[in-house]
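For reference, the structure discussed in these notes is given below.
The values are calculated or read from the model by the stated rules, or taken from the named source; none is laboratory data. Predicted model, so just to flag it, every value in this text is computed and none were measured. No Cβ is skipped: glycine too gets one built from the backbone with ideal geometry, and neighbour counts run over all protein chains shown. What goes into the accessible areas is simple: the full protein's heavy atoms, side chains included, and nothing from ligands, DNA or RNA. Shrake-Rupley method; radii C 1.70, N 1.55, O 1.52, S 1.80 Å.
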Amino acid sequence: MSSTPLFDAVTARRREPSPAPSASVPASLVAAIDAIPQRLTADLGVGLPVAEEQLALVEAVADAVTRAVVDAVAAEVERITRDGRVRV
């Protein structure tokens, strides 16, 4: 179990089957979202070794990045709600 509850929640959600998108979600948006993991994996390249004493720093950085992404997603959802348009 991670010391970060957010990571635990993400791990738990990955174990659950994903619900089918509703009819109101454009297929292009679903495809763009589904393509994110493949694009990120391709961009990340090879893995790097991490020593045990570095794990706390790695988790802190991952938590900071996660918070930044969540903030960006929240801002984008607010923009979509305000403008009624999705950028693809």
Counting only protein heavy atoms and leaving out ligands, DNA and RNA, the solvent-accessible surface of residue 52 at a 1.4 Å probe, in Å² to the nearest 10, equals 150
For the pair residue 52 and residue 69, the simple spin-label estimate (label points 7 Å beyond Cα toward Cβ) gives in nm 2.8
Here FRET efficiency (C-beta to C-beta, residue 83 to residue 61, R₀ 30 Å, nearest 0.05) is 0.40
